[in-house]
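This report refers to the structure that appears directly beneath it.
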Amino acid sequence: MMVRETPILETEKTRFLSNLLLPFRGRILASIGLAWLVLMAFFAIFAPWITPYDPLAIEPVARLTEPGATHFFGTDHFGRDTFSRCIYGARMALLIGLGTVFVSLTVGGFIGMVSAYFTRIGSVLMRVVDVLMAFPALLLALVLMTLFERSVINTIIVIGIVYTTTTARILYGMVLKLKNEVFVDAAICSGVGHTSILLRHILPNLISPLLVQASFIFAFAQLQAAALDFLGLGLPPEIPSWGNMLSESRIYVTRASWLLIYPGLLIILSVFSMNLVGDAARDSLDPRFKDDIAGV
Amino acid sequence: MTLLAVDDLKTWFTIEKSWKPGAADKVLKAVDGISFAIEEGEVLSVVGESGCGKSTVGRTLTKLEAATGGTASLSGKEFLSMSNAEFRPLRQQIQMIFQDPFASLNPRMTIEQTVSEPLKIHGLAQSNAEIRPLIADMLSKVGLDPRVMKRFPHEFSGGQRQRIAIARVMILSPSLIIADEPVSALDVSIQAQVLNLLKKLQSESGVAMLFISHDLGVVRLISDRVAVMYLGRIVEIGPKANIFNNPSHPYTQLLLDSIPQIDPAKRAPKVATLGEPASAANPPSGCAFHPRCPYASKLCSQAAPELQVLESKHQVACHHVGQFERQVAA
Amino acid sequence: MLAFTIKRILATVPTLIAASMLIFLFIHLIPGDPAAILLGDTATPEEIAVLTKQMGLDQPVYVQYLKWLTNLLQGDLGTSIFFQVPVLSVIADGAETSGFLALMTMIWIIVLGIPIGAIAATKHGTWIDQITSGAAMFAASVPTFWLGLYLILIFAVGLGWLPSSGYPSIFEEGGLANLRYLLLPSLTLAAPNAALIIRLVRASMLDVQREDYVRTARSKGLHPVRVAYKHVFRNALIAVAAAFGFTFAALVSEAVVTETVFSLPGIGRTVVQSILRRDYPVIQGVILVIVVLYMVVNLLVDLAYSWLDPRVSLK
Amino acid sequence: MDVQNLSISVGNNPIVRNVSFSIEAGKTLGIVGESGCGKSLTSLAIMGLLEGTQVRLTSGRVIFEGTDILKVSVSERRALLGSRMAMIFQEPMTSLNPVYRIGDQIVEMILQHEPVGRTAAMQRAADLLRRVRIPDPESRLKSFPHQLSGGMRQRVMIAIALASNPVLLIADEPTTALDVTVQAQILDLLEELKTESGMGVILISHDLGVIAQTCHSVAVMYRGQIVEACSTVELFANPLHPYTGGLIVSIPDAYSNVDELNAIPGRVPTIDERISGCAFHPRCHCAKDNCSTQAPQTIQRADHLYQCHYPLEASS
């Protein structure tokens, strides 16, 4: 008996792309968020060609200029152009976000997967993760920062470590679930070895939840980095990040509110967009994993 | 020739670790000392209700669960004591079909990947050129269009997925298939198709089968011999004809009488309400069935009966076998 | 229930010991001589030598740890380099501010988060739901310090309704009215956390709404409000209770920032200042106290959990 | 209860089409069909439990005790639920709220429909548990659902349903999740309670054996339509629709030796597939050309209703 099937209409490639965009169908806000993120990434990459001024150039005569035709977003107390600094800030945001995602997903992902699959090592590793999770996130970051110099790479590492524990825990839970799936049993019965089960059978099922998790980590990292900058323990003060801009201009806000508005709004919009994107993507996830993802 | 010989197989699970050192952990004796053999090309069914340990038997024999005791040998070769690595080559011989066709296929792998994986692992074929025709052939044998190879499992219905699972197993030409409730998740009309397919493939290839099911109708159709399990033990085992025509354990009789019948003439009179299956975590003393048994005596609550031979190959574990009349003859 | 509690408390001991080791080792992770670090930049070599002897820094690390631990258990967390007073009293000084701040924040979170989340869930799919969940996500995306600064700009600088910084104790002049100093800080701190609770309550109520037993409740002919309250909300609370542990951690993190923005004399600001002043004994002490508090909160959450869900404690 | 031309859709997808049946007091009507045939949705629609889902009732009338209950106000409808008509579900494991005691869940039903005090209601609850043969009812009232077995929970569900002496009980696959020996007990219990109280029962099942053993009349559903309806005896003795005939012969029988089953070919269609003509024609061995173009009308022969161009005896 032959079974009638619907014909294959799409090729693998177009299907991949449309699958990726599928969560955004019918979600206007999330689509706007995605568009905003793409725009920010564009600004970040092409910052030198977009900015009218050097973000570090001091212009004492023009200090605390209100937003206008020459300086779109005004200037700060050194007369530096806020617009240019904001654009360069996007660079820092992108760098910190991607760096944190990379650190936490690779290290945390590895720890989580290995712990769940090889339970003996796992019980030790997960205890370490538990201990680290006993420290509230920003506090852990603050303490770690006292051990390091203030620099971009150290900020990434420190925030990365904080989310490594969360990611490890989440992956641990998901791999434990997948490990008990019948298709894994079936693979074992076919004679598939441990490594292959982990890489060929379990990992591919984790890619979408990991992407969703990444978007939330990206968003959280922005807030953490801004808080660290604000407390004077994040990026070196000379680097134009949104957090540093807010931190420096804090005492001038009553005179120059634009110094508070523009970088603040940029942080909020980026984090909000990333959360929207993550939320939309999570809704299209396999329901088994929805509760595992720690997001907004 | 005996293909599979299982002797005194035990699979216990620790459900609660004892806090006091020295005190015994709380264990669930899912399978508690069962022995049976399967001849080459024979189909042995294991029936029983949920929690009787029938699935655990299958999972232990494929080493998905670790056995607590006992031995099992395939063509004379003991394998329960082997390490997983030693056992891996032998997996080609012992294959398993699972109950839920929606869960047993990896959602991220195409049908081709799923069916070709075992071939590659066991070195039966390597290049795609070699593998493709084999898969195409296998897929048409299980009643699927070979052109569906590039599709993913979610594009198929339950019955079709179970056919794919069967293809994955049959392509290794194993000598023993352990089928764990392979049709119970399917609709009636689809169940019949898959049963016919299994039966056809079994008789064509001569593969032996351990068929695990709760459905006596399905069991009668497919098996040569039947073993009835209750709370981790075999209470009756014998050729199909003996079990269905002359069920000798009260539990077997209860099972048969409980089946809802279409034909009023075949309907058993009302079964006496006799409680529910006890939990394997907390089994009754003596014969585990005695609290539900209409013929139970004092002896039954004290001593667990051993299997005794009734006729050639027909064995029953009951103290009072032959001492009571079944209420209705089917 | 009692056995469950004891088991649960015992289970935290190893984590607590490991955490204390990490905090202890922290001093040794900083490059340089621990005694010199502890005494600060102005220390003379003699003072360093005395402290080295006194702390037993010439002894093996595990002996030092045991000694530190013994002191801890006797309530001795060391001496602040900056203030030259016991760390415990530094912490005690900030406790009132941080305690009231936490309390007021919790009240905001519960009063705002739970009802709004419940309303959004019962109005699922309507514009009310869409606006609330969108607004909640927006609120969770605002950096705490930015919100704090903005609230100061509007309510303190602009309108002059509320004080912009500081907090005099309620035991000083002004009494309970002094709590108004904490109004803006607690709102700042509550906003992102209440937002998370709103989304969580909504999500878990929507999950519970799909459960079979809710269908059973409806088939009994119960009024929808009763179904929503007794069956949906009550069961959704289980998931929400579990989240309060995380909320506490987030609260601590954000309190550090908030207390700095509003110049509140609390424990959070003490941490930041101690870090900037390299006052390591205080850092160690505060972190230890926070970790212990965090574990106590998680313990309480688990107990609440087992009380809300009969399946848990009996297992 | 009289159900007339009930239709249900999800979005623009009709999933139940023009379903009509009636049920008398003291009788059991069976609705049988495979997964996705719309049998459960039909029962949920009758109970008014589809609110808040994507599923919409598009047409039809449900006459219960003289009034069309699809037209009455929401609160009047609610007053009927539980008191005049009650329902039990397939999953006894998840149909009881895990955080409340058994007693409270029964009492909730009693208090909803009767002006009695809590103590009296608790007493009634204990009596109900005794009626569904739960041993030691007083202490069981204090149990939580997870402390009971599946069979016991289903008994509790039945006790809840019976709390206000309904005249109609809808049982949606009440024994599917249970073991066969427990199933036999629950079916016996339902039968006894029905005889005692004289209520009408709608039993929904995929198991022809269960239907045959418990029902007076049967409606067979396929893809949202009733393709055959008549008395149980008539249906099994003389099935007219090829689908019914196919179902009957595809059940493996524990009481006779068979070597091969006469399986219905093809697969159960999903709800979003569109099939022209008779929905069963792609799987039907009697299908002729017009089956694929022309949907058959309901034909009545004596008390036997069927939807088929070529009913079995005519074609064989």
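The values are calculated or read from the model by the stated rules, or taken from the named source; none is laboratory data. Fair warning: this is a prediction, and the values are worked out from it, not measured in the lab. Heads up, the Cβs are rebuilt from the backbone with ideal geometry, glycines too, and the neighbour counts pull from every protein chain shown. Keep in mind that these areas ignore ligands, DNA and RNA; they rest on the heavy atoms of the full protein, side chains included. Shrake-Rupley method; radii C 1.70, N 1.55, O 1.52, S 1.80 Å.
Worth a mention:
- Vicinal HN-Hα couplings computed from phi for the range C:210-226 (Karplus, 6.51 cos²θ - 1.76 cosθ + 1.60; Hz; Gly/Pro x): 8, 5, 4, 5, 6, 4, 4, 4, 5, 5, 6, x, 5, 5, x, 5, 5
- Among D:11, D:224, D:48, residue whose mean-square fluctuation peaks in a GNM of chain D (springs only between Cα atoms under 10 Å): D:11
- Spherically averaged projected area of the convex hull of Cα atoms, chain D: 17.5 nm².
- For the protein assembly as shown, alpha-carbon Rg and Dmax in angstrom: 35.3, 114
- Apportionment of accessible area to carbon and sulfur, the protein assembly as shown, percent (1.4 Å): 60
- Once exposed loop GluC sites (Glu not before Pro) are cut out (DSSP; at most 14 other Cβ, 10 Å), longest piece of chain A: A:11-148
- Delta accessible area of at least 40 Å² on complex formation, residues of the range C:258-296, 1.4 Å probe, chain isolated as reference: C:275, C:287, C:294
- Where chain A is the region considered: accessible area per residue in Å², 1.4 Å probe: 43
- Accessible surface buried at the A:B interface totals approximately 2500 Å², computed with a 1.4 Å probe on protein heavy atoms.
- Under Karplus coefficients 6.51, -1.76 and 1.60, residue-wise ³J(HN,Hα) of the range C:281-286 in Hz, glycine/proline x: x, 5, 4, 4, x, 4
- Area hidden from solvent between A and C (accessible, protein heavy atoms only, 1.4 Å, total, Å²): 3800
- Relative contact order (percent, whole number), the range B:2-223, Cα cutoff 8 Å, 6+ residue spacing: 26
- Normalised by the number of residues in the range D:1-144, the mean separation of alpha-carbon contacts (under 8 Å, six or more apart) gives a relative contact order of 20 percent.
- Rolling a 1.4 angstrom probe over the protein heavy atoms with all chains in place gives chain B an accessible area of 40 Å² per residue.
- The range D:199-316: C-alpha pair distances exceeding 22 Å, %: 35
- Comparing A:184, A:61, A:271 in a Gaussian network model of chain A where C-alpha atoms under 10 Å apart are linked, the largest mean-square fluctuation is found at A:61.
- Ignoring lysines fewer than eight residues from residue B:141 along the same chain, the ones with Cα atoms less than 17 angstrom from its Cα are B:199, B:200.
- Size of the range B:146-238 as Cα extents on the principal axes (Å, biggest first): 46, 27, 22
- Take the accessible area of chain B alone and of chain D alone, subtract that of the pair, and you get about 3600 Å² summed over both chains, using a 1.4 Å probe.
- Unit Cα scatterers, Debye sum, chain C: log10 I(q)/I(0) for q = 0.06, 0.07, 0.13 Å⁻¹: -0.29, -0.38, -1.06
- The fraction of all Cα pairs in the range B:2-223 landing in successive 10 Å bins from 0 to the largest distance is 8, 31, 35, 20, 5, 1, 0, given as whole percents.
- At least 40 Å² accessible surface lost relative to isolated chain, residues of the range B:90-105 (1.4 Å probe): B:91, B:98, B:103
- Amide H partners (placed H, <5 Å) of residue D:170, local residues excluded: D:86, D:87, D:88, D:202
- Estimated 222 nm signal from helices in chain C, with DSSP H stretches of n ≥ 4 weighted -39500 (n - 2.57), rounded to 500: -23000 deg cm²/dmol
- Computed over protein heavy atoms with a 1.4 Å probe, the accessible surface of chain C works out to 46 Å² per residue.
- Rg and Dmax over the alpha-carbon atoms of chain A stand at 22.7, 86 Å.
- Hull-based mean projected area of the range D:168-212, where the convex hull spans the alpha carbons, in square nanometres: 2.9
- Sequence-distant contacts, meaning Cα pairs under 8 Å at least 6 residues apart, place the relative contact order of chain D at 21 percent.
- Taking the square roots of five times each eigenvalue of the Cα gyration tensor of the range B:187-241, the equivalent ellipsoid has semi-axes of 22, 15, 9 Å, listed largest first.
- Of all lysines in the structure, the ones whose alpha carbon falls short of 19 Å from that of residue B:17, not counting any fewer than 8 places away in one chain, are B:26, B:29, C:7, C:315.
- When shorter helices are ignored and each DSSP H run of at least 4 residues is given -39500 (n - 2.57), the per-residue value for chain B at 222 nm works out to -8500 deg cm²/dmol.
- Computed as a quarter of the hull surface, the mean projected area of the alpha carbon convex hull for the range A:185-258 stands at 7.8 nm².
- Partners for residue D:71 among aspartates and glutamates (Cα-Cα distance below 16 Å; same-chain residues under 8 apart left out): D:2, D:51
- In angstrom, the C-alpha Rg and Dmax of the range C:4-119 are 20.0, 67.
- Potential lengthening of the chain between residue C:70 and residue C:33 amounts to 11.1 nm, from the contour at 0.36 nm per residue minus the alpha-carbon distance.
- Calculated from backbone phi, Karplus (6.51, -1.76, 1.60) coupling profile of the range A:96-101 in Hz, x at Gly/Pro: 4, x, 5, x, 4, 4
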